[in-house]
Amino acid sequence: MSEQDEFQELIRSFSLDKQPDQDTPSGEYQPLRRQAPPVGAAQQPRTMEPERGVYQPSARPVPSGQPVREYVPRPPREEVPAPAPGDVQPRFGERTPNPRGFNPDGFDTGAKAGGSAGFNPAGFEEAVSSAQSPVATAAPPAASGNTGARGRGFQLNIDSEEYAGIPDSAPAPVLSQGGAQPPRRQMGNAGGGFGAVPPPPARGGKGGGRGNEPPKPPKKRRRRGGGVSRFMEALVLVAGAVACAIFLSIFALQSASDMLGINKPDKKVEFVVAENATVGEVAEQLKEAGIITQPLTFKLYAGLKDKKEYVPGTYELNTKMAYDQIMTMMTKGNTEKEVVWVTFPEGQTLNQVAAKLEENKVCSAEEFIRVTDTVSFGSDSQYGYEFYDKIPDDPLRYHKLEGYVFPDTYQFYVGENVESVVNKFLSVFNTRVTQDLYDLMEKQGMTLDQTLTLASIIQKEAGDVQYMYDISSVFHNRLSNSAQYPRLESDATYLYVRDEIEPNLSSKNEEMAAAYDTYQCQGLPIGPINNPGLDAIKAALAPAETNYFYFLSDQKHEYHFATTLQEHNLNLQSAGEAYGTTIDHSDDGSSSQQ
């Protein structure tokens, strides 16, 4: 193929499929349409050339009057040899010179009748020999004088200075998809290649510019903190994991202990299940009653065992019970226990209270006395009564809780737990002895145990509340004048030793008897002699203003008070058999009157 043929083939490759319309303004192009074949003309079948990829007219009929686009076949191209290994090739994205001027020598830009541009071989050879780079610029040609056909025009400008910078051949840059562009065409054997195609402009985006500008390097990611911050993050994560593991371990141990009833105190508690109570409500009530400590574990265990519905009623539970025992008892229901109401009047001794409990089948009298003397109900125990800590722990004391069983009417169950019975007494006492009474004790300079001791004597000596404050004044006057009246000399204390202590001791304890008998001991006895009521406690803290040092009561339960011993002896002679202070109760008829 000659150089002229190669150039014409290049011109055809640059030809536009659009051409100006005579009826449109200059510079506007319309798609090339072919004329419909004459009516009755045979239609050629449309085929596709495998090597060229160009469609040919098909044999499908075309409606009359409809324009059909004309497809012009292209001649086959020659195979372009691969570039030599030593050739300098432009890299992908590298800017190539963009020629701005051109040399019109050797090129005919006029449009011919056939629509192809003219060509001057001499001018082309000159351009090639001078190694100038051609640049093709498409421009709409002027309209031809033939109004019946549309013409084509092509204008090619060559800049001799920029043409020399184009290498002879260059391999196609590799596409982003991994494929390579087809090799570019070369023009002749001298002057370098004519078909060098500049690389496509880089697209906009991160790191890229507009047009042919090289892409900018990607921004470096800012490092998050230094080594110290990473170490602290790791340390916090490790500490959190360790703390979580410790918490779960402690929770598991406590839940297991509570579920099995291990390491829990032995205490019976009455528990009431209300109507339509949910398992969550029951669990919280069990915790408040001190039966369980982990309500969440109880709720989860009840769901696992499918024991969520409980029979309403009153149950006697124990804090040492396991979850299974509690759930079994409440799901099966509890038979109604027999309830008894027992009234304890003021002034009863602890032995009399125990006998009455046994009489009503609440508990054993012996077990009741044993619990009151040995079991702790103080602040360090499960019951937590602070007043219990103020009770003197003296070995000469007959019963430790004598005076603290508050007289009232109580409800018990037949066969009730003994500690529960004692707890009811102490609970009522803790409620009735208010802060106002403690303030009066502080004002009088008396302790709780001294107040109850004096109140128990007043309770036993007075048959009526109206005499309690005068009797209290007698004892307060004697206590205030201990040098002249060192002993109270109350008949009630003597009778307590004779009727309560001596009959219930296996051997006679004279030291204990003397500690209670106010005819032998000085001041108040070692402890209360009965369980006084609230009126006697108030009278002991607020005595009447008198000068009495003696009193007695006759058989008609009338009380006689005296300031001196002489007045008292006169009252004693008129009363006959009497009880009070400074009364002769000895077997030989003598008395130690003062």
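Brief remarks follow.
- Orientation-averaged projection of region 408-566 equals 11.8 nm² [convex hull of Cα atoms, one quarter of hull surface area].
- Dipole axis of region 333-492 (+1 Lys, Arg; -1 Asp, Glu on Cβ), positive-most option in Tyr467, Thr451, Gly415: Tyr467
- Radius, Kirkwood style, for region 333-421 when every pair of distinct Cα atoms is counted (Å): 14.1
- Annotation: Cα Rg of region 272-424 relative to the compact-globule expectation 2.2 N^0.38 Å equals 1.24.
- For Phe271, residues with placed amide H under 5 Å, excluding near neighbours: Tyr315, Glu316, Leu317
- Theoretical gain in end-to-end length, Thr447 to Glu558 [0.36 nm per residue, Cα-Cα removed]: 36.8 nm
- Close amide H contacts of Ser490 (hydrogens built in the peptide plane, cut-off under 5 Å, sequence separation of 5 or more or a different chain): Thr518, Tyr519.
- Alpha-carbon gyration tensor eigenvalues x 5, square-rooted, for region 414-504, Å: 28, 20, 12
- Taking a Cβ cut-off of under 15 Å around Val474, the surrounding Lys, Arg, Asp and Glu residues balance to a net charge of -3, with basic ones at +1 and acidic ones at -1.
- Per-residue HN-Hα couplings for region 314-327 [Karplus 6.51, -1.76, 1.60; θ = phi - 60°; Hz; x = Gly/Pro]: 9, 10, 9, 9, 10, 5, 8, 5, 7, 4, 4, 5, 5, 5
- In sequence order, region 395-406 has phi-based couplings of x, 7, 6, 6, 10, 5, 8, 5, x, 10, 8, 6 Hz under the Karplus curve 6.51 cos²θ - 1.76 cosθ + 1.60, θ = phi - 60°, and Gly or Pro positions carry x.
Only the coordinates and a few stated rules stand behind these numbers; no lab work does. What you see is a predicted model, and the numbers here were worked out from it, not measured in a lab. In this analysis, Cβ positions are derived from the backbone assuming ideal geometry, glycine residues included, and neighbour counts consider all displayed protein chains.
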